[in-house]
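Encoded as structure tokens, the structure appears first; notes follow it.
The values are calculated or read from the model by the stated rules, or taken from the named source; none is laboratory data. Note that the structure is a prediction, hence the values are computed from the model and not measured. Positions of Cβ are generated from backbone atoms using ideal geometry, with glycine treated the same way; all protein chains shown enter the neighbour counts.
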Amino acid sequence: MSSQIATANRLTDGEVVFLGPAGWVTRIERATVARSDSEVRALQALLRQAEAVNEIVDGYLVAVEETAAGPRPVHYRELLRGSGPSVRPDLGKQASR
Amino acid sequence: MYRYDEFDEAFVRERTRQFRNQVARRLRGELSEEEFRPLRLMNGLYLQLHAYMLRVAIPYGVLSARQMRQLAMIAERWDKGYGHFTTRQNIQFNWPALKDVPDILDALADVEMHAIQTSGNCIRNVTTDQWAGVAADEVADPRPWCELLRQWSSLHPEFSFLPRKFKIAVTGSPHDRAAVKVHDIGLRMHRDPATGEAGFEVIVGGGQGRTPMIGKTIRGFLPLHQLLPYLSAIMRVYNRHGRRDNKYKARIKILVHELGQGEFTREVEAEFARDPGTDEVYALTEAEISRIARHFAPPPYERLAERHPRHDARVFASQDFARWVRSNTARHKVQGYAIVNVSLKPTGGIPGDADAAQMRLLADLAERYSHGEIRVTHHQNLVLPDVRLGDLFALWEELEPAGLGTPNVGLLGDIIACPGMDYCSLATARSIPIAQAISRRFQDLDRQREIGPLEIKISGCINACGHHHVGHIGILGVDKQGRELYQVTLGGSAAEDASLGSIVGPGFSADAVVDAIETIVATYLDQRQDGETFLAFTHRAGLKPFKEALYAAAPG
């Protein structure tokens, strides 16, 4: 199976967030990577729990490859989502990198 | 333009107050996302790729200078300093925080604006010709009828939970600038040749998306005062038979197609005969029509000469100004005035985007030169509708340094592009970077002029917000095995000669699509007859010359 991370939008402001070891974080590099079925199930459970307590919305799992810089989404949609609009490098997460 | 009465004001304020309460309950966890989603969508609030997105209604694309300034304020205070004008003549803010949206809606209500009818399965914000009321070729002004439709359709209890969203467009000119044949209902105002009476041609079942269709005329001439009961009859037939089990087959175009034009028309006429609107609810009195029409009375035009010597001299002296006049102004119905089209398509820019400074400048210029009014076009440009010929040079001198003077309206650089995957959660590919790359490749304005009228329209998914089906050249971005691929269609038109483009062949990668457009344009230039437009050429020659040029060298 491919490695996966959990992502969602933060309820209050819609910011894209990723599930890290200590809760939801805004940087994909700090996301927890699930590498086995049991780890994926654990991520999913945490994701559903966070939705239930209205911390996040529209959560789902994203396939990633692991790089020296951290997890990197396999699909370009998630790459964009993790960085910001490709046509506005001054906006989104990429703006503060 | 229309001004709110006490009812409108109270209604919008009450709606904003309700939504503030709903947002507070959502943030406190008293509403789940499942419960909250329909509520936020009914107030124009989507959740997109990077953040929430608020779509603000601009009824039939008409804005006052005051409203434009408020949009600029909202962009700076609660968003990221810009807004995106859409193919629905609306504006979208791409980054609002949920907690701020009630304050934004309050700020909109302060200037008689809201975000109702910009989402959900209701009758959406009615659209029209951006030159309504000023076009030289206009038969009748569609704006009073658009306003009437707005009042009739806003939260209409019978039509608020339709099988799918529902879009109505109205044109009052023979040259269709409102794309009425690709709307759920298109209304074309014209005059009965026998009596000279104004009325509507009623066109139903047009649309784009995954199943594009050209609308069918079900009534050649509908008297003006029968508009609401007749449209009610259409909506009732749709509500009765429209499919609710499959969202991809739920639009009225599918119903018209499956029932057949004849049977659909028969059902509408039967419903109309049953309830022809003679009761007090739908009876449209002359007094009510006149009351609304008074809001759209012409501004106090001056009596001006047909030509303005200083303007003519400026055109003669400045090639850049002359080029802008030729491309971006149009003939006004009143002698001595011009319609000014403000391009939101600078070379390499993002189609439809305007920053707060540009919005404020346009508000100032509208007040100084155009009776304080601005129009939004479905081509994602803006219009100053009432400019004296003698003011054009001064206006251009202010637009140009602000990046608002690109002389490309109606030319190749005037590209429609949906937000695509750079913003939209539904998208399957990006569309803006393709528009930017094409714009840069063809940035030579003299070359664009030589090519002539050419509308390129780009969508980032099959939902076709970028109108690719009706582009002279349409580009559709899809996901093919994890890579962006672009299908090219040729020969579409959204005008009175509406047609759907045909796929030219296998798609192109993002890197190759600009070269493909270059090849298509070169093929046209090489083979066109004298005075033949790109669209006319594609209809005459078909896909063959383009296929040969694009794919001849390809293996196999």
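Quick grid of which residues meet (1) acidic (Asp, Glu); (2) over 18 Å from B:Gly507 (Cβ atoms); (3) within 13 Å of another protein chain (Cβ to nearest Cβ):
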{"position": "B:Val383", "(1), (2), (3)": "no, yes, no"}
{"position": "B:Val387", "(1), (2), (3)": "no, yes, no"}
{"position": "B:Thr406", "(1), (2), (3)": "no, yes, no"}
{"position": "B:Ala437", "(1), (2), (3)": "no, no, yes"}
{"position": "B:Glu450", "(1), (2), (3)": "yes, yes, no"}
{"position": "B:Glu484", "(1), (2), (3)": "yes, no, yes"}
{"position": "B:Gln487", "(1), (2), (3)": "no, no, no"}
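Look at segment B:450-472 and say how many of its residues are out of contact with any Ser or Thr (no Cβ under 8 Å at 6 or more places or on another chain) and not in a loop (DSSP other than H, G, I, E, B).
Qualifying residue count, segment B:450-472: 4.
Scan segment A:54-63 and give yes if some residue there is away from chain B (no Cβ under 12 Å), closer than 30 Å to B:Ser431 by Cβ and out of contact with any Gly (no Cβ under 9 Å at 6 or more places or on another chain), otherwise no.
Yes, some residue in segment A:54-63 is away from chain B (no Cβ under 12 Å), closer than 30 Å to B:Ser431 by Cβ and out of contact with any Gly (no Cβ under 9 Å at 6 or more places or on another chain).
For segment B:229-246, which positions are surrounded by 15 or more Cβ atoms within 10 Å (Cβ to Cβ), out of contact with any Lys or Arg (no Cβ under 8 Å at 6 or more places or on another chain) and either basic (Lys, Arg) or not in a helix (DSSP H, G or I) (or both)?
B:Arg236
Give the residues of segment B:343-362 that are in a loop (DSSP other than H, G, I, E, B) and in contact with a helix residue (DSSP H, G or I) (Cβ under 6 Å, 6 or more places away or on another chain), sorted by residue number.
Correct list: B:Thr347, B:Gly348, B:Ile350, B:Pro351.
Give the residues of segment A:66-92 that are facing chain B (nearest Cβ under 10 Å), under 12 Å from the mean Cα position of the chain (by Cα) and in contact (Cβ under 8 Å) with a residue 40 or more places away in the chain, sorted by residue number.
A:Glu78, A:Arg81, A:Gly82
Okay, residues lined up against (1) within 19 Å of the chain's Cα centre (by Cα); (2) of a type outside the set (A, V, I, L, M); (3) in a helix (DSSP H, G or I):
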{"position": "B:Phe200", "(1), (2), (3)": "no, yes, no"}
{"position": "B:Ile203", "(1), (2), (3)": "yes, no, no"}
{"position": "B:Arg210", "(1), (2), (3)": "yes, yes, no"}
{"position": "B:Thr217", "(1), (2), (3)": "no, yes, no"}
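Just to be sure I understand, how many residues within segment B:247-286 are among the hydrophobic types (A, V, I, L, M, F, W, C) and outside any helix (DSSP H, G or I)?
Looking only at that region, the number is 4.
Can we say B:Phe321 is part of a loop (DSSP other than H, G, I, E, B) and either under 19 Å from B:Ile374 (Cβ atoms) or modelled with pLDDT of 95 or more (or both)?
no
Evaluate the following for B:Pro419: is it touching a residue at least 24 places away in the same chain (Cβ under 8 Å), at the interface with chain A (Cβ under 10 Å from one of its Cβ atoms) and farther than 26 Å from B:Ile451 by Cα?
yes
Select, from A:Glu29, A:Glu51, the only residue that is at the interface with another protein chain (Cβ under 10 Å from one of its Cβ atoms) and part of a helix (DSSP H, G or I).
From the options A:Glu29, A:Glu51, the qualifying one is A:Glu51.
Let me spell it out: the conditions are (1) more than 10 Å from chain B (Cβ to nearest Cβ); (2) free of Cβ contacts under 8 Å to residues at least 60 places away in the same chain; (3) of a type in the set (A, V, I, L, M); (4) closer than 20 Å to B:Ser425 by Cα, and A:Val40 meets all of them except one. Which number is the exception?
Answer for A:Val40: the failing condition is (4).
Do we find that B:Arg25 is within 14 Å of chain A (Cβ to nearest Cβ), of a type in the set (D, E, K, R) and more than 27 Å from B:Asp353 (Cβ to Cβ) in this structure?
Criteria met by B:Arg25.
Identify the residue in segment B:320-378 that is crowded, with 23+ Cβ neighbours inside 10 Å and of a type in the set (S, T, N, Q) and, among all such residues, is nearest to the chain's Cα centre (by Cα).
B:Thr377
Just a yes or no: is a residue in segment A:7-19 out of contact with any Cys (no Cβ under 9 Å at 6 or more places or on another chain), aromatic (Phe, Trp, Tyr) and more than 9 Å from chain B (Cβ to nearest Cβ)?
The answer is yes, given that some residue of segment A:7-19 is out of contact with any Cys (no Cβ under 9 Å at 6 or more places or on another chain), aromatic (Phe, Trp, Tyr) and more than 9 Å from chain B (Cβ to nearest Cβ).
Which of the residues spanning segment B:39-57 are more than 8 Å from chain A (Cβ to nearest Cβ) and in a strand (DSSP E or B)?
If the condition is that a residue be more than 8 Å from chain A (Cβ to nearest Cβ) and in a strand (DSSP E or B), then B:Leu45, B:Tyr46, B:Met53, B:Leu54, B:Arg55, B:Val56 are the ones that fit.
Which residue is surrounded by the fewest Cβ atoms within 10 Å (Cβ to Cβ), if the candidates are limited to segment B:502-544 and must be more than 20 Å from B:His467 (Cα to Cα) and either of a type in the set (Phe, Trp, Tyr) or at pLDDT below 95 (or both)?
B:Phe537
Is there any pair linking a residue in segment B:445-470 that is without any contact (Cβ under 8 Å) to a residue 60 or more places away in the chain and in the same structural domain as B:Asp422 (by TED's automatic domain parsing) to one that is surrounded by fewer than 24 Cβ atoms within 10 Å (Cβ to Cβ) and part of a helix (DSSP H, G or I), with Cβ under 6 Å and at least six apart or on different chains, and which?
No pair meets every condition.
Residues that are under 25 Å from B:His379 (Cβ atoms), more than 14 Å from chain A (Cβ to nearest Cβ) and out of contact with any strand residue (DSSP E or B) (no Cβ under 6 Å at 6 or more places or on another chain): does segment B:150-161 have at least one?
Checked against the condition, which is being under 25 Å from B:His379 (Cβ atoms), more than 14 Å from chain A (Cβ to nearest Cβ) and out of contact with any strand residue (DSSP E or B) (no Cβ under 6 Å at 6 or more places or on another chain), segment B:150-161 yields at least one hit.
Here are B:Tyr52, B:Tyr82, B:Tyr46: which of them is within 22 Å of A:Val53 (Cβ to Cβ), of a type in the set (Phe, Trp, Tyr) and within 23 Å of the chain's Cα centre (by Cα)?
B:Tyr52
With (1) assigned to a strand (DSSP E or B); (2) touching a Leu at 6+ places or on another chain (Cβ under 9 Å) as the list, and A:Val40 as the residue in question, which single condition is left unmet?
With (1) assigned to a strand (DSSP E or B); (2) touching a Leu at 6+ places or on another chain (Cβ under 9 Å) applied to A:Val40, the lone miss is (1).
Considering only segment A:13-29, state which residues are in contact (Cβ under 8 Å) with a residue 12 or more places away in the chain, farther than 27 Å from B:Arg28 by Cβ and surrounded by fewer than 16 Cβ atoms within 10 Å (Cβ to Cβ).
Passing the criteria: A:Arg27, A:Glu29.
Going by what's in this entry, would B:Glu138 be described as farther than 15 Å from B:Ala169 by Cα, of a type in the set (Asp, Glu) and either part of a helix (DSSP H, G or I) or more than 14 Å from chain A (Cβ to nearest Cβ) (or both)?
Here the answer is yes, as B:Glu138 does meet what is asked.
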